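Data first, discussion second: the structure below is written as structure tokens.
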Amino acid sequence: MKKPRPLAATSRDPRKKPPASSSTAGKSAATSPKSSFELAMERLNAADRESGVARTALTADQKKRVGEARGLATARLAEREILFADAMRGMPDPVEREKAEREYQIDRQRIHDDTEKAIEEIHRAKSSGSPSKPPRRGGADPR
């Protein structure tokens, strides 16, 4: 039985990245083609600059409050989904089911809108200001 030959010194480890080719090594990020996402972001940033919108980084407190608002919204959506599924099990009438589905969609949109409004308020609030009121809790319509 023959012994396996040792690998030659020129062989590469297949897990390592291949060396950069000479055709791409000299190109900078400025000359390479941009993705559609990058182009869209540039247009949005330019539009913001033109309209006078200033982008500021969120503080740790604001990030925490945005996370809490989103978490609350997720909980409200989950609660509403459970209630909707339970109601649908007990509704044999197609007309009633359609009405319940419309109400469910309205509730989902309201929760989404409340959350976006709360997040906008957090973005506008000063870091030292009073905390923004979280989105309304509960699935019942106060009308």
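Read-outs throughout are calculated quantities, based only on the coordinates presented, and are distinct from any laboratory measurement. Being a predicted model, the structure only gives us computed values, none of them experimental. Glycine also receives a Cβ, built like all others from the backbone with ideal geometry; neighbour counts cover every protein chain displayed.
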Next item on the list: List the aspartates and glutamates whose Cα lies under 17 Å from the Cα of LYS63, skipping any in the same chain that are fewer than 8 positions away.
Entry: GLU116, GLU120, GLU121
Checklist line | Förster radius 22 Å - calculated FRET efficiency between GLU79 and LYS99, Cβ distance, rounded to 0.05 | finding: 0.65
Checklist line | For the stretch 46-93: rounded, prolate or oblate by the Cα gyration tensor [a/c cutoff 1.5] | finding: oblate
